[in-house]
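Novice: Here it is: the structure, laid out below.
The values are calculated or read from the model by the stated rules, or taken from the named source; none is laboratory data. Only a predicted model underlies this, so the values are computations on that prediction, with no experimental measurement involved. All Cβ positions, glycine included, derive from the backbone under ideal geometry; neighbour counts span all protein chains shown.
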Amino acid sequence: MRFKKMGLLLLAFLMVGGTGAYAASKSKTVQATISNFKYVLNGSNWTPQSKTQPVVINGQTYIPVSLAKEATKTNITVDAKSGKMSFGEKLAKTPFDKERIYYFSTYAGLSRDSKYTENKYKEVVTIKNLGYIVLYPNNKYQTLVLDLKLADGSGQILLKDEDTGEHIKSLFLEEGKQESVEINVTGISNKGVKLYMEADDYKKETVLVVQPTSHYK
């Protein structure tokens, strides 16, 4: 294992083999050793996307927050101003439309049609055949909860990580059926999460309704 000595500005590294975490509101310059570790995740060799490397200070190994998030799928946020480090889900629910949403063409958008709002909501997000939306959690949250309903037709609902191309979740919905879906969005990149459907019958207009009760936490 090769080591390289350097002066490092340590902002927010988690300590392995210790009981605490370094999270100071003021930066501190220390002497550290950067280590090129090999990683094993759940028993298998693993190559993280995070390029930030662990450091060794006074015999303790500190791993970057980005690496911990990626390996554990636990959201970790650092507020340098308040000196707080938060782990996991938030207590308060943030409406999903408070973060950026991309609507593809005219096949996806906001609707006030009472057929879709059911006179319960001011407006809802609708996705029709060939349409999709992309949601951007912006590394702020751990969980995305989507309340979904197919107003017309039936089909497969799919969620995909736009960065990796990985299908995060899929489910089948029948016409008129509502379902709540939870997905872990920890570490989702700026390319976001794509929500779309594959209708059973493309000759019939199928409409997926995303209700405003959907939220991040």
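Novice: If we scan the range 199-207, do we find a residue that is surrounded by 14 or more Cβ atoms within 10 Å (Cβ to Cβ) and either among the polar types (S, T, N, Q) or without any contact (Cβ under 8 Å) to a residue 12 or more places away in the chain (or both)?
Specialist: Within the range 199-207, one or more residues are surrounded by 14 or more Cβ atoms within 10 Å (Cβ to Cβ) and either among the polar types (S, T, N, Q) or without any contact (Cβ under 8 Å) to a residue 12 or more places away in the chain (or both).
Novice: Restricted to the range 118-153, and to residues that are surrounded by fewer than 18 Cβ atoms within 10 Å (Cβ to Cβ), farther than 14 Å from Val193 by Cβ and not charged (D, E, K, R), which residue is farthest from the chain's Cα centre (by Cα)?
Specialist: By that ranking, first place goes to Asn119.
Novice: Of the residues that sit in the range 199-217 and are charged (D, E, K, R) and over 18 Å from Lys115 (Cα atoms), which one is nearest to the chain's Cα centre (by Cα)?
Specialist: Kept after step one, since they are charged (D, E, K, R), are these residues of the range 199-217: 200-201, 203-205, 217.
Keeping just the survivors that are over 18 Å from Lys115 (Cα atoms) gives 200-201, 203, 217.
Details: Asp200: 28, Asp201: 31, Lys203: 34, Lys217: 10 Å.
Only one residue fits best here, namely Lys217.
Novice: Go through the range 1-110 and tell me which strands (runs of 3 or more DSSP E), entirely inside it, have 1 or more residues that are at pLDDT below 65 and surrounded by 10 or more Cβ atoms within 10 Å (Cβ to Cβ). Before you say what the answer is, go through the steps one by one.
Specialist: Working: elements: 3-10, 13-16, 28-35, 39-41, 44-46, 55-57, 60-64, 76-79, 84-87, 101-103.
Strands (runs of 3 or more DSSP E) meeting the threshold: 3-10, 13-16.
Novice: Turning to a different aspect of this structure: Could you list all residues from the range 178-198 that are assigned to a loop (DSSP other than H, G, I, E, B), of a type in the set (S, T, N, Q) and either touching a residue at least 60 places away in the same chain (Cβ under 8 Å) or under 29 Å from Ser114 (Cβ atoms) (or both)?
Specialist: So in the range 178-198, the residues assigned to a loop (DSSP other than H, G, I, E, B) come out as 185-192.
The next check asks that each one be of a type in the set (S, T, N, Q); those that pass are 186, 189-190.
Correct list: Thr186 only.
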